[in-house]
Amino acid sequence: MVAPLRVGIAGLGTVGAEVVRLIEQQGRVLTERTGRPVQVVAVTARSKKKRAVDLTGIKWAKDPLALAADPEVDCLVELMGGAGDPALSAIDTALKAGKSVVTANKALIAKHGLKLAKAAEKSGAALNFEAAVGAAIPVIKTLREGLAATGISRVYGILNGTCNYILTRMEQEGLSFDECLKDAQRLGYAEADPSFDIHGHDTAQKLAILASLAFGTQVAEKSIYVEGISSIAPEDLRAADELGYRVKLLGVAMRTAKGIEQRVHPTMVPKSSSIAQVMGVTNAVTIDGEGIPPITLVGPGAGGAATASAVLADIADVARGIRSTPFGRPVEKLQPTEKAPMERHEGGYYIRLMARDHAGTAATIATRLAEQKISIESIVQRHPNGSEPLKTGAKGGPVPVILITYATHEDAVHKALQAVQRDKVISGKPQVIRIEKN
Ligand code: HSE
(Lines give C-alpha, C1' and ligand atoms only; values in the text may rest on other atoms or scores of the structure.)
Protein backbone atom coordinates (compact mmCIF):
# COMPACT_ATOMS: atom_id res chain seq x y z
CA MET A 1 0.00 0.00 0.00
CA VAL A 2 1.46 3.37 -1.05
CA ALA A 3 1.44 6.06 1.65
CA PRO A 4 -1.14 8.78 0.88
CA LEU A 5 -0.13 12.27 -0.21
CA ARG A 6 -1.06 14.40 2.80
CA VAL A 7 -2.31 17.79 1.68
CA GLY A 8 -2.59 20.99 3.75
CA ILE A 9 -4.81 23.74 2.34
CA ALA A 10 -4.31 27.42 3.22
CA GLY A 11 -7.38 29.46 2.25
CA LEU A 12 -10.97 28.18 2.27
CA GLY A 13 -12.69 30.70 0.02
CA THR A 14 -14.63 29.69 -3.09
CA VAL A 15 -11.66 27.80 -4.56
CA GLY A 16 -10.31 26.28 -1.32
CA ALA A 17 -13.69 24.90 -0.28
CA GLU A 18 -14.21 23.46 -3.76
CA VAL A 19 -10.78 21.76 -3.64
CA VAL A 20 -11.65 20.09 -0.30
CA ARG A 21 -14.97 18.94 -1.77
CA LEU A 22 -13.43 17.64 -5.01
CA ILE A 23 -10.66 15.70 -3.26
CA GLU A 24 -13.36 14.00 -1.23
CA GLN A 25 -15.56 13.39 -4.26
CA GLN A 26 -12.81 12.41 -6.73
CA GLY A 27 -10.66 10.49 -4.24
CA ARG A 28 -11.04 7.10 -5.91
CA VAL A 29 -10.40 8.47 -9.42
CA LEU A 30 -7.35 10.41 -8.19
CA THR A 31 -5.91 7.26 -6.61
CA GLU A 32 -6.57 5.25 -9.77
CA ARG A 33 -4.92 7.84 -11.96
CA THR A 34 -1.94 8.69 -9.79
CA GLY A 35 -1.37 5.40 -8.01
CA ARG A 36 -1.48 7.17 -4.65
CA PRO A 37 -4.33 8.22 -2.35
CA VAL A 38 -4.68 11.98 -1.70
CA GLN A 39 -5.91 13.12 1.71
CA VAL A 40 -6.62 16.60 3.10
CA VAL A 41 -5.07 16.38 6.58
CA ALA A 42 -5.01 20.04 7.64
CA VAL A 43 -6.47 23.42 6.66
CA THR A 44 -6.25 27.02 7.74
CA ALA A 45 -8.18 30.19 6.87
CA ARG A 46 -8.68 33.70 8.21
CA SER A 47 -11.90 32.77 9.99
CA LYS A 48 -13.39 29.58 11.38
CA LYS A 49 -16.86 30.49 10.10
CA LYS A 50 -19.12 27.65 8.98
CA ARG A 51 -18.53 26.61 5.37
CA ALA A 52 -20.46 24.59 2.83
CA VAL A 53 -17.87 21.83 3.05
CA ASP A 54 -17.40 19.08 5.62
CA LEU A 55 -14.14 19.54 7.55
CA THR A 56 -14.75 16.71 10.04
CA GLY A 57 -11.52 14.94 10.97
CA ILE A 58 -9.34 17.62 9.33
CA LYS A 59 -6.87 19.43 11.58
CA TRP A 60 -7.13 23.25 11.82
CA ALA A 61 -3.62 24.82 11.69
CA LYS A 62 -3.21 28.07 13.62
CA ASP A 63 -1.81 29.93 10.59
CA PRO A 64 -0.38 29.32 7.10
CA LEU A 65 3.22 29.14 8.38
CA ALA A 66 2.30 26.48 10.94
CA LEU A 67 0.51 24.57 8.18
CA ALA A 68 3.57 24.77 5.89
CA ALA A 69 5.85 23.57 8.69
CA ASP A 70 3.54 20.78 9.89
CA PRO A 71 5.48 17.49 9.57
CA GLU A 72 2.21 15.71 8.75
CA VAL A 73 1.74 17.83 5.59
CA ASP A 74 3.55 16.60 2.44
CA CYS A 75 2.08 19.14 0.02
CA LEU A 76 1.00 22.72 0.70
CA VAL A 77 -1.90 24.05 -1.38
CA GLU A 78 -1.94 27.85 -1.17
CA LEU A 79 -5.27 29.43 -2.10
CA MET A 80 -5.21 32.63 -0.05
CA GLY A 81 -4.01 34.97 -2.79
CA GLY A 82 -2.03 38.17 -2.30
CA ALA A 83 1.39 39.07 -3.69
CA GLY A 84 3.16 38.91 -0.32
CA ASP A 85 2.81 37.43 3.14
CA PRO A 86 1.41 35.20 4.50
CA ALA A 87 1.33 33.31 1.15
CA LEU A 88 4.97 34.09 0.33
CA SER A 89 6.44 32.94 3.67
CA ALA A 90 4.24 29.86 3.78
CA ILE A 91 5.28 28.73 0.29
CA ASP A 92 8.93 29.54 0.94
CA THR A 93 8.84 27.55 4.20
CA ALA A 94 7.25 24.54 2.51
CA LEU A 95 9.65 24.54 -0.45
CA LYS A 96 12.71 24.92 1.76
CA ALA A 97 11.49 21.90 3.74
CA GLY A 98 11.31 19.94 0.46
CA LYS A 99 7.50 19.95 0.37
CA SER A 100 5.79 20.44 -2.96
CA VAL A 101 3.50 23.43 -3.36
CA VAL A 102 0.41 23.97 -5.49
CA THR A 103 -0.90 27.52 -5.82
CA ALA A 104 -3.43 29.49 -7.86
CA ASN A 105 -1.76 32.75 -6.89
CA LYS A 106 -0.78 34.60 -10.09
CA ALA A 107 0.08 37.83 -8.26
CA LEU A 108 2.61 36.01 -6.10
CA ILE A 109 4.08 33.95 -8.95
CA ALA A 110 4.36 37.08 -11.14
CA LYS A 111 6.18 38.95 -8.36
CA HIS A 112 8.18 36.27 -6.53
CA GLY A 113 8.05 33.35 -8.96
CA LEU A 114 11.79 33.35 -9.68
CA LYS A 115 12.78 33.32 -6.02
CA LEU A 116 10.29 30.57 -5.25
CA ALA A 117 11.30 28.55 -8.32
CA LYS A 118 14.94 28.73 -7.14
CA ALA A 119 13.90 27.38 -3.72
CA ALA A 120 11.96 24.58 -5.44
CA GLU A 121 14.92 23.72 -7.70
CA LYS A 122 17.23 23.62 -4.70
CA SER A 123 15.09 21.30 -2.60
CA GLY A 124 13.78 19.19 -5.49
CA ALA A 125 10.17 20.03 -4.62
CA ALA A 126 7.48 20.88 -7.17
CA LEU A 127 6.04 24.37 -7.48
CA ASN A 128 2.87 23.99 -9.57
CA PHE A 129 0.67 26.92 -10.60
CA GLU A 130 -1.56 25.71 -13.44
CA ALA A 131 -4.59 27.37 -11.82
CA ALA A 132 -2.86 30.77 -11.86
CA VAL A 133 -3.50 31.28 -15.60
CA GLY A 134 -6.73 30.52 -17.42
CA ALA A 135 -8.13 28.49 -14.48
CA ALA A 136 -9.21 25.12 -15.97
CA ILE A 137 -7.33 25.63 -19.26
CA PRO A 138 -4.12 23.53 -19.11
CA VAL A 139 -1.98 26.25 -20.69
CA ILE A 140 1.00 26.04 -18.33
CA LYS A 141 1.45 22.33 -19.06
CA THR A 142 0.93 22.94 -22.78
CA LEU A 143 3.75 25.47 -22.90
CA ARG A 144 6.07 23.73 -20.44
CA GLU A 145 5.62 20.10 -21.48
CA GLY A 146 3.50 19.80 -24.61
CA LEU A 147 5.50 22.37 -26.58
CA ALA A 148 8.85 21.80 -24.85
CA ALA A 149 10.59 21.32 -28.20
CA THR A 150 8.69 23.93 -30.25
CA GLY A 151 9.98 27.45 -30.85
CA ILE A 152 7.26 29.96 -30.04
CA SER A 153 6.81 33.26 -31.83
CA ARG A 154 3.70 34.57 -30.09
CA VAL A 155 1.34 33.74 -27.25
CA TYR A 156 -1.74 35.84 -26.79
CA GLY A 157 -5.29 35.71 -25.60
CA ILE A 158 -8.13 36.62 -23.32
CA LEU A 159 -6.73 35.99 -19.85
CA ASN A 160 -9.23 37.78 -17.62
CA GLY A 161 -12.71 36.34 -17.24
CA THR A 162 -14.11 39.42 -15.50
CA CYS A 163 -13.18 41.82 -18.31
CA ASN A 164 -14.45 39.50 -21.01
CA TYR A 165 -17.67 39.01 -19.08
CA ILE A 166 -18.13 42.79 -18.75
CA LEU A 167 -17.35 43.54 -22.42
CA THR A 168 -19.62 40.72 -23.61
CA ARG A 169 -22.64 41.82 -21.57
CA MET A 170 -22.13 45.51 -22.38
CA GLU A 171 -22.04 44.60 -26.08
CA GLN A 172 -24.85 42.04 -26.14
CA GLU A 173 -27.26 43.43 -23.56
CA GLY A 174 -26.40 47.13 -23.62
CA LEU A 175 -25.82 47.05 -19.83
CA SER A 176 -23.63 49.57 -18.03
CA PHE A 177 -20.06 48.80 -17.01
CA ASP A 178 -20.97 48.99 -13.30
CA GLU A 179 -23.91 46.60 -13.56
CA CYS A 180 -21.76 44.01 -15.33
CA LEU A 181 -18.93 44.38 -12.82
CA LYS A 182 -21.34 43.84 -9.92
CA ASP A 183 -22.53 40.59 -11.50
CA ALA A 184 -18.93 39.45 -12.09
CA GLN A 185 -18.24 40.04 -8.39
CA ARG A 186 -21.39 38.22 -7.34
CA LEU A 187 -20.44 35.23 -9.48
CA GLY A 188 -16.99 35.03 -7.89
CA TYR A 189 -15.03 35.95 -11.06
CA ALA A 190 -13.52 39.27 -9.97
CA GLU A 191 -10.52 39.77 -7.69
CA ALA A 192 -11.08 40.98 -4.12
CA ASP A 193 -9.98 44.35 -5.51
CA PRO A 194 -11.60 44.37 -8.98
CA SER A 195 -9.38 47.21 -10.14
CA PHE A 196 -6.77 44.48 -10.76
CA ASP A 197 -9.12 43.00 -13.34
CA ILE A 198 -10.36 46.23 -14.91
CA HIS A 199 -7.03 48.01 -15.14
CA GLY A 200 -5.34 45.02 -16.77
CA HIS A 201 -2.96 44.00 -13.96
CA ASP A 202 -4.47 40.54 -13.54
CA THR A 203 -3.99 39.92 -17.27
CA ALA A 204 -0.43 41.28 -17.05
CA GLN A 205 0.47 38.93 -14.18
CA LYS A 206 -0.81 35.97 -16.17
CA LEU A 207 0.92 37.16 -19.35
CA ALA A 208 4.23 37.52 -17.49
CA ILE A 209 3.98 33.86 -16.45
CA LEU A 210 3.07 32.68 -19.97
CA ALA A 211 5.84 34.75 -21.57
CA SER A 212 8.41 33.22 -19.24
CA LEU A 213 7.31 29.70 -20.19
CA ALA A 214 7.05 30.52 -23.90
CA PHE A 215 10.24 32.52 -24.37
CA GLY A 216 12.53 31.58 -21.45
CA THR A 217 12.36 35.10 -20.02
CA GLN A 218 12.35 36.13 -16.37
CA VAL A 219 8.82 36.68 -15.09
CA ALA A 220 8.57 40.46 -14.93
CA GLU A 221 5.24 42.25 -14.81
CA LYS A 222 7.08 45.56 -15.00
CA SER A 223 8.22 44.71 -18.56
CA ILE A 224 4.62 44.74 -19.74
CA TYR A 225 2.78 47.71 -21.19
CA VAL A 226 -0.63 47.70 -19.45
CA GLU A 227 -3.87 49.46 -20.30
CA GLY A 228 -7.28 48.34 -18.94
CA ILE A 229 -10.86 48.53 -20.16
CA SER A 230 -12.20 51.38 -18.04
CA SER A 231 -12.05 53.86 -20.94
CA ILE A 232 -14.13 51.65 -23.23
CA ALA A 233 -17.49 53.32 -23.78
CA PRO A 234 -20.72 51.74 -25.05
CA GLU A 235 -20.31 53.82 -28.24
CA ASP A 236 -16.96 52.09 -28.93
CA LEU A 237 -18.64 48.68 -28.66
CA ARG A 238 -21.46 49.85 -30.96
CA ALA A 239 -19.02 51.28 -33.49
CA ALA A 240 -16.88 48.12 -33.35
CA ASP A 241 -19.97 46.04 -34.04
CA GLU A 242 -20.97 48.15 -37.03
CA LEU A 243 -17.45 48.02 -38.43
CA GLY A 244 -17.19 44.23 -38.08
CA TYR A 245 -15.09 44.07 -34.92
CA ARG A 246 -15.37 43.17 -31.23
CA VAL A 247 -13.40 44.70 -28.38
CA LYS A 248 -11.44 42.28 -26.19
CA LEU A 249 -8.85 42.82 -23.48
CA LEU A 250 -5.87 40.91 -24.87
CA GLY A 251 -2.53 39.99 -23.38
CA VAL A 252 0.07 39.59 -26.12
CA ALA A 253 3.69 38.42 -25.85
CA MET A 254 5.64 38.12 -29.08
CA ARG A 255 9.14 37.71 -30.35
CA THR A 256 10.25 40.77 -32.38
CA ALA A 257 13.58 41.73 -33.94
CA LYS A 258 14.15 43.96 -30.91
CA GLY A 259 13.23 41.44 -28.21
CA ILE A 260 10.10 40.12 -26.56
CA GLU A 261 7.20 42.59 -26.74
CA GLN A 262 4.65 42.14 -23.95
CA ARG A 263 1.47 44.21 -23.82
CA VAL A 264 -2.02 44.22 -22.35
CA HIS A 265 -4.69 46.52 -23.79
CA PRO A 266 -8.20 46.61 -25.21
CA THR A 267 -8.01 45.37 -28.77
CA MET A 268 -10.36 45.35 -31.72
CA VAL A 269 -10.46 41.92 -33.31
CA PRO A 270 -12.37 41.04 -36.49
CA LYS A 271 -15.71 39.37 -35.66
CA SER A 272 -14.70 36.49 -37.93
CA SER A 273 -11.59 35.67 -35.85
CA SER A 274 -11.70 32.77 -33.38
CA ILE A 275 -10.76 35.04 -30.46
CA ALA A 276 -13.84 37.21 -31.18
CA GLN A 277 -16.10 34.20 -30.59
CA VAL A 278 -14.87 33.87 -27.00
CA MET A 279 -17.61 35.35 -24.85
CA GLY A 280 -18.42 35.79 -21.18
CA VAL A 281 -16.08 34.48 -18.51
CA THR A 282 -14.39 32.16 -21.03
CA ASN A 283 -10.65 32.58 -21.60
CA ALA A 284 -8.67 31.67 -24.72
CA VAL A 285 -4.95 31.42 -25.39
CA THR A 286 -3.45 31.11 -28.85
CA ILE A 287 0.12 29.87 -29.25
CA ASP A 288 1.93 30.44 -32.52
CA GLY A 289 4.56 27.71 -32.71
CA GLU A 290 7.27 27.65 -35.37
CA GLY A 291 6.50 25.17 -38.14
CA ILE A 292 3.00 24.33 -36.90
CA PRO A 293 -0.38 26.06 -37.26
CA PRO A 294 -1.56 28.06 -34.23
CA ILE A 295 -2.95 26.18 -31.23
CA THR A 296 -5.90 27.75 -29.41
CA LEU A 297 -7.01 26.60 -25.99
CA VAL A 298 -10.44 27.80 -24.85
CA GLY A 299 -12.16 27.25 -21.51
CA PRO A 300 -13.51 28.66 -18.27
CA GLY A 301 -11.02 31.18 -16.96
CA ALA A 302 -12.41 32.05 -13.54
CA GLY A 303 -14.68 30.76 -10.81
CA GLY A 304 -14.39 28.17 -8.05
CA ALA A 305 -14.98 24.95 -10.00
CA ALA A 306 -12.73 25.90 -12.95
CA THR A 307 -9.86 26.95 -10.69
CA ALA A 308 -10.22 23.93 -8.41
CA SER A 309 -10.05 21.64 -11.45
CA ALA A 310 -6.54 22.93 -12.25
CA VAL A 311 -5.49 22.80 -8.59
CA LEU A 312 -6.44 19.13 -8.46
CA ALA A 313 -4.51 18.38 -11.65
CA ASP A 314 -1.43 19.94 -10.03
CA ILE A 315 -1.95 17.90 -6.86
CA ALA A 316 -2.23 14.80 -9.06
CA ASP A 317 1.18 15.59 -10.58
CA VAL A 318 2.68 15.86 -7.09
CA ALA A 319 1.10 12.50 -6.17
CA ARG A 320 2.59 10.97 -9.33
CA GLY A 321 6.03 12.25 -8.32
CA ILE A 322 6.39 14.66 -11.28
CA ARG A 323 8.81 17.51 -10.53
CA SER A 324 9.12 19.92 -13.48
CA THR A 325 11.27 23.04 -13.33
CA PRO A 326 8.53 25.62 -12.61
CA PHE A 327 9.28 27.84 -15.65
CA GLY A 328 10.34 25.03 -17.97
CA ARG A 329 14.07 25.64 -17.56
CA PRO A 330 16.39 26.43 -14.64
CA VAL A 331 15.90 29.94 -13.24
CA GLU A 332 19.53 30.88 -14.05
CA LYS A 333 18.83 30.29 -17.76
CA LEU A 334 15.87 32.72 -17.86
CA GLN A 335 16.71 35.96 -19.67
CA PRO A 336 15.81 39.51 -18.56
CA THR A 337 13.39 41.48 -20.75
CA GLU A 338 12.98 45.18 -21.46
CA LYS A 339 9.66 46.99 -21.50
CA ALA A 340 8.65 47.28 -25.16
CA PRO A 341 8.15 50.94 -26.14
CA MET A 342 4.64 51.09 -27.57
CA GLU A 343 5.61 54.01 -29.87
CA ARG A 344 7.11 51.46 -32.24
CA HIS A 345 4.06 49.17 -32.13
CA GLU A 346 2.77 48.57 -35.64
CA GLY A 347 -0.83 47.82 -36.53
CA GLY A 348 -4.19 49.25 -37.50
CA TYR A 349 -6.01 51.69 -35.21
CA TYR A 350 -9.58 52.61 -34.36
CA ILE A 351 -9.85 56.31 -33.54
CA ARG A 352 -12.98 58.02 -32.19
CA LEU A 353 -12.92 61.81 -32.10
CA MET A 354 -15.54 64.33 -31.04
CA ALA A 355 -15.22 66.71 -33.96
CA ARG A 356 -16.36 70.35 -33.90
CA ASP A 357 -19.15 70.64 -36.38
CA HIS A 358 -17.92 73.07 -39.02
CA ALA A 359 -16.81 72.92 -42.60
CA GLY A 360 -13.32 71.51 -43.18
CA THR A 361 -13.04 69.52 -39.95
CA ALA A 362 -12.90 66.12 -41.67
CA ALA A 363 -10.40 67.51 -44.21
CA THR A 364 -8.15 68.82 -41.41
CA ILE A 365 -8.18 65.44 -39.67
CA ALA A 366 -7.42 63.62 -42.93
CA THR A 367 -4.56 66.03 -43.69
CA ARG A 368 -2.93 65.55 -40.28
CA LEU A 369 -3.09 61.77 -40.68
CA ALA A 370 -1.70 61.99 -44.22
CA GLU A 371 1.23 64.10 -42.96
CA GLN A 372 2.17 61.11 -40.78
CA LYS A 373 1.72 58.77 -43.78
CA ILE A 374 -1.31 57.14 -42.16
CA SER A 375 -3.78 55.65 -44.66
CA ILE A 376 -7.42 55.64 -43.69
CA GLU A 377 -9.34 52.43 -44.31
CA SER A 378 -12.68 54.00 -43.36
CA ILE A 379 -14.02 57.22 -41.89
CA VAL A 380 -17.56 57.69 -40.58
CA GLN A 381 -19.10 60.83 -39.18
CA ARG A 382 -22.07 60.07 -36.98
CA HIS A 383 -25.10 62.01 -35.90
CA PRO A 384 -24.49 62.65 -32.19
CA ASN A 385 -27.54 60.63 -31.14
CA GLY A 386 -27.30 57.65 -33.41
CA SER A 387 -25.97 56.09 -36.54
CA GLU A 388 -27.53 58.56 -38.95
CA PRO A 389 -24.72 60.35 -40.84
CA LEU A 390 -24.63 64.13 -40.29
CA LYS A 391 -25.69 66.36 -43.16
CA THR A 392 -22.83 68.39 -44.62
CA GLY A 393 -22.88 71.91 -43.27
CA ALA A 394 -25.33 71.12 -40.46
CA LYS A 395 -24.76 73.09 -37.27
CA GLY A 396 -24.71 71.69 -33.74
CA GLY A 397 -22.45 70.33 -30.98
CA PRO A 398 -19.45 68.06 -31.47
CA VAL A 399 -20.13 64.96 -33.58
CA PRO A 400 -18.39 61.60 -33.29
CA VAL A 401 -15.99 60.82 -36.13
CA ILE A 402 -14.76 57.25 -36.30
CA LEU A 403 -11.67 56.26 -38.26
CA ILE A 404 -10.06 52.93 -38.99
CA THR A 405 -6.47 53.15 -40.22
CA TYR A 406 -4.35 50.73 -42.17
CA ALA A 407 -1.21 49.45 -40.41
CA THR A 408 0.96 52.27 -39.11
CA HIS A 409 3.21 53.08 -36.15
CA GLU A 410 1.73 54.18 -32.84
CA ASP A 411 4.14 57.08 -32.77
CA ALA A 412 2.62 58.39 -36.03
CA VAL A 413 -0.92 58.11 -34.62
CA HIS A 414 0.05 60.11 -31.52
CA LYS A 415 1.74 62.83 -33.60
CA ALA A 416 -1.26 63.14 -35.95
CA LEU A 417 -3.73 63.36 -33.05
CA GLN A 418 -1.60 65.95 -31.24
CA ALA A 419 -1.69 68.07 -34.41
CA VAL A 420 -5.47 67.65 -34.68
CA GLN A 421 -5.83 68.79 -31.06
CA ARG A 422 -3.62 71.83 -31.76
CA ASP A 423 -5.88 72.65 -34.72
CA LYS A 424 -8.78 72.85 -32.22
CA VAL A 425 -11.12 70.92 -34.51
CA ILE A 426 -11.96 68.34 -31.86
CA SER A 427 -13.07 68.47 -28.26
CA GLY A 428 -11.98 66.09 -25.50
CA LYS A 429 -9.44 63.31 -25.66
CA PRO A 430 -9.42 61.05 -28.73
CA GLN A 431 -10.24 57.40 -28.07
CA VAL A 432 -7.66 55.07 -29.64
CA ILE A 433 -7.96 51.28 -29.74
CA ARG A 434 -5.37 49.03 -31.37
CA ILE A 435 -6.56 46.51 -33.96
CA GLU A 436 -5.17 42.96 -34.06
CA LYS A 437 -6.05 41.32 -37.37
CA ASN A 438 -4.86 37.76 -36.82
N1 HSE B 1 -10.28 37.70 -11.54
C2 HSE B 1 -9.77 36.67 -12.38
C3 HSE B 1 -10.49 36.73 -13.71
C4 HSE B 1 -9.94 35.33 -11.73
O5 HSE B 1 -11.54 37.38 -13.80
O6 HSE B 1 -10.01 36.16 -14.68
C7 HSE B 1 -9.21 34.21 -12.42
O8 HSE B 1 -7.83 34.41 -12.42
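Observations, loosely collected:
- Beyond 27 Å in Cα-Cα separation lie the following of the pairs LYS106/LYS182; LYS248/LYS424; LYS141/LYS333: LYS248/LYS424.
- Between 0 and 90°, nearest 10: helix 177-186 axis offset from the chain longest Cα axis: 10 degrees
- Note on ILE322/ASP411: beta-carbon distance plugged into 1/(1 + (r/R0)^6) with R0 of 45 Å gives a FRET efficiency of 0.45.
- Sites ALA359 and ASP54, calculated FRET efficiency, Cβ-Cβ separation with R0 60 Å, nearest 0.05: 0.20
- Ordered by solvent-accessible area of protein heavy atoms (1.4 Å probe), largest first, the residues HIS199, HIS112 come out as HIS199, HIS112.
- Net charge of neighbours whose Cβ lies under 11 Å from the Cβ of SER309, counting Lys and Arg as +1 and Asp and Glu as -1: -3
- Efficiency of FRET between ILE379 and GLN172 - r from beta-carbon atoms, R0 25 angstrom, step 0.05: 0.40
- Paramagnetic reach from VAL2 (point 7 Å along Cα→Cβ, amide N under 18 Å) across segment 10-43: 23-24, 26-41
- Degrees, to the nearest 10: 161-173 long Cα axis against longest axis of the chain: 40 degrees
- Put simply, segment 140-298 fits an ellipsoid with semi-axes of 27, 17, 14 Å; these come from the alpha carbon gyration tensor as the roots of five times its eigenvalues, largest first.
- Convex hull of alpha carbon positions in segment 10-68: directionally averaged projected area 4.3 nm².
- Packing-based order for 268-279, 290-301, 215-226, using average beta carbon neighbours within 10 Å, highest first: 215-226, 268-279, 290-301
- Scattering profile of segment 95-157 at q = 0.27 Å⁻¹ [log10 I(q)/I(0), Debye over alpha-carbon scatterers]: -1.20
- For the chain, the 222 nm mean residue ellipticity estimated from helices alone, with every DSSP H stretch of n ≥ 4 adding -39500 (n - 2.57) and the total spread over all residues, rounds to -10000 deg cm²/dmol.
- Dipole of segment 140-298, positive end: most advanced residue of HIS201, ALA240, ALA211 [Cβ charges, Cα centre]: ALA211
- Eigenvalues of the alpha-carbon gyration tensor of the chain, scaled by 5 and square-rooted, set the equivalent ellipsoid semi-axes at 47, 23, 17 angstrom, largest first.
- Prolate/oblate/rounded call for segment 171-262, Cα gyration tensor, a/c under 1.5 rounded: oblate
- Each of THR31 and GLU242 was given a label point 7 Å from its Cα along the Cα-to-Cβ line. The distance between the two points is 6.4 nm.
The values are calculated or read from the model by the stated rules, or taken from the named source; none is laboratory data. Keep in mind the model is a prediction, meaning the values are calculated, not measured. Reconstructed Cβ throughout: ideal geometry from the backbone, glycine too, with neighbour counts over all protein chains shown. The area values use the complete protein model at the heavy-atom level, side chains included, leaving out ligands, DNA and RNA. Shrake-Rupley method; radii C 1.70, N 1.55, O 1.52, S 1.80 Å.
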